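In what follows, a single structure is set out as structure tokens and then discussed.
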Amino acid sequence: MIDSSIIQQVTDIFANLDSRYTLSAYISSEHESGAQMAEFLSDFATTSSHISVEHREAAGNTLYFDLLKEGEPTGITFRGIPNGHEFTSLLLALLNADGKGKNLPDEGIARRISALQGDIRLQTYISLSCINCPDVVQTLNIFALLNPNISHEMVDGALFQDEVEAKGVQAVPSVFANGELLHVGRGSLGELLEKLEAKYPSTSDAVTSTGEPLRRHYDVVVVGGGPAGASAAIYSARKGLKVAIVAERIGGQVKETVGIENLISIPYTTGSELADNLRTHLTHYPIELFENRRIERTELEGKQKLISVVGGEIFSAPAVIIATGAGWRRLNVDGEAEYIGRGVAFCPHCDGPFYAGKRVAVVGGGNSGIEAAIDLAGICQKVTVIEFMDSLKADQVLQDKVRSLSNVEILTSTQTIKVEGNGEKLIALHLKNRQTDEVYTLELDGVFVQIGLSANSQPFTELEKTRIGEIVIDAHCRTNIPGVYAAGDVSSVPYKQIIIAMGEGAKAALTAFDDRTRGVI
């Protein structure tokens, strides 16, 4: 079942396993995927003499396997066959259990995870085609490895449709903690950890044994790990400065981009590949990476700028480069927040399969919205495009394509004013015709919001911003506070493109170095 070339690659990866691992399988002969899982596990076990398979009796619709280390439970379970994007999750589960893998968190984050109290049973419902699911699965597997109070089970929703419908899962990944919905959609380790800390007690300040904030000092602190942040850090480090990146994750928003064809000199890449390449480039320099950190507050006036993050750490430097990028913009209408993951979605690639044969809407007539409508038209009964302006803004070639599809309806000059649900899921949108002021209801099963990005500038209250929240910069990326610079999508620079963000990051770093040499900072 597993290709021989992949088996050889995995064999090389597992060459240095120290402990012995058992895939303890519970497979019912009645399950239609039982033979397939048995073959998968058998093939996988051939990759290392340290891996074995143990089959146990099972009845009904049972199909799962536990990962054991030296015969003891690790707390990690796979209910489904971890193929596709989730194959890496299985590889990393073994490597992480062996104390290996570059995705393991640093000491400060690990201490916060191990401090969570109570019996915490986590389940993540996934789709094997979802590009965001593996990050969440791999993160929660680490939680189980670091804290004996935590267990985590990956569930392939396609194999357990009755369960998915009973729980009202309409988007992936969907994470449940002790049977209650905890999280839906993409999520960083830091975000998931904060949600668990809010729900379950913790016994540690997570930073120091004395409870005092841990202070870290640098020449330059770059906030954000996307293309702009990585560029700024590399350019700063090449000047011989002591540099730190403080970010939720390396790659930032670009990690969610499926295909990239306009990064000059690279005809095609993916967001995931580009994020990996950014990390690799950063490791060529003595740049300290602090991932899974969320900014709690800032003190930017004065010679030393202070960046405080959730968990108690404080980063200080005379120069701060803000490159926190942007996130999905929401409709901000009644019912939207309540039904995220229950009919309101943002990623058609991940969540589109849940709406096969159903009626959906796409809000947004730009390139991303029309591309989403074209993709969804291939699997949905009907797709309605809702555009606020009087005409679509997508490239003409995309407009021509979407208008050629018989199951796509286009509504322009239309405002979305409310999301209606029945308590369990979305059932309709309330719309307003901006030309006639007519208000009416569009019954449907789901809506994909594709109305652009919003700058992640909220923590930086001391800085001047535009009406839509972008940090105002001059031609050299300087803000209104000396020693504070901004670059990329979080700033007021026109055109939010990867290649522009990279250039802006370099410009901000060069400006900061120039200000340093001239004694401005």
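The values are calculated or read from the model by the stated rules, or taken from the named source; none is laboratory data. Note that the structure is predicted; figures quoted are calculated from it, not measured. Don't worry about glycine lacking a Cβ; one is built from the backbone with ideal geometry, like all the others, and counts go over all protein chains shown. Accessible surface areas use protein heavy atoms only, side chains included; no ligands, DNA or RNA. Shrake-Rupley method; radii C 1.70, N 1.55, O 1.52, S 1.80 Å.
Tell me, which cysteines of the chain are without a disulfide-compatible partner by the Cβ under 4.7 Å rule?
That list is CYS380, CYS477.
Give me the 1.4 Å probe accessible area per residue for the chain, excluding ligands and nucleic acids, in Å².
Ligands and nucleic acids excluded, the result is 44 Å² per residue.
What length, rounded to one decimal in nm, is gained on full extension from GLU57 through to ASP106, with 0.36 nm per residue of separation minus their alpha-carbon distance?
13.7 nm
Counting only helical runs of four or more DSSP H residues, what would the 222 nm mean residue ellipticity of the chain come to if each run contributes -39,500 (n - 2.57) and the total is spread over all its residues? Don't skip to the end; give the middle numbers.
Working: 13 runs with 139 residues, N = 521.
Per the formula, -8000 deg cm²/dmol.
As a test of the definition: which semi-axes, in Å, follow for segment 281-365 when you take the square root of five times each eigenvalue of its alpha carbon gyration tensor? Largest first, please. It would help to have the intermediate numbers written out before the result.
Working: eigenvalues 302, 61, 29 Å².
Semi-axes, largest first: 39, 18, 12 Å.
Give the separation of the Cα centroids, segment 139-188 to segment 467-521, in Å.
Cα centroid of segment 139-188 versus Cα centroid of segment 467-521: 39 Å apart.
Please provide three numbers in whole Å: the alpha-carbon extents of segment 1-155 along the principal axes, with the largest listed first.
That works out to 43, 36, 32 Å along the principal axes.
Write down the Kirkwood hydrodynamic radius of segment 361-413, to one decimal in angstroms, obtained as one divided by the mean of 1/r over all alpha carbon pairs.
10.5
Could you order the peptides 172-181, 380-389 from most to least packed, using the average number of other C-beta atoms within 10 Å per residue?
Averaged packing, sorted descending, gives the order 380-389, 172-181.
Taking all protein chains as present, what is the carbon and sulfur share of the accessible area of the chain, in % to the nearest whole number, probe 1.4 Å?
Carbon with sulfur: 48 percent of the solvent-accessible area.
How big is the charge dipole of the chain about its Cα centre, in debye rounded to the nearest 20, if each Lys and Arg gets +1 on its Cβ and each Asp and Glu gets -1 on its Cβ?
Numbers: 46 positive and 66 negative charges, 333 e Å.
Dipole about the Cα centre, nearest 20: 1600 debye.
Given LYS167/LYS358; LYS239/LYS305; LYS358/LYS496; LYS242/LYS496; LYS199/LYS418; LYS102/LYS255, which pairs have Cα atoms separated by over 22 Å?
LYS358/LYS496; LYS242/LYS496; LYS199/LYS418
Would you mind getting me the FRET efficiency between LEU263 and SER33? Use the beta-carbon distance for r and R0 = 45 Å, nearest 0.05.
It comes out at approximately 0.70.
Please state, rounded to one decimal and in Å, the Kirkwood hydrodynamic radius that segment 391-521 gives when every pair of distinct Cα atoms enters the mean of 1/r.
About 18.7 Å for segment 391-521.
With a 1.4 Å probe and every protein chain left in place, tell me how much accessible area HIS430 has, in Å² to the nearest 10.
40
If N is the number of residues in the chain, what value comes out of its Cα radius of gyration divided by 2.2 N^0.38 Å?
Normalised Rg, Cα atoms only: 1.02.
If I model a spin label at ILE13 and GLU296 as a point 7 Å from the Cα along the Cα→Cβ vector, what separation in nanometres do I get?
Reported label-point gap for ILE13 and GLU296 is 3.6 nm.
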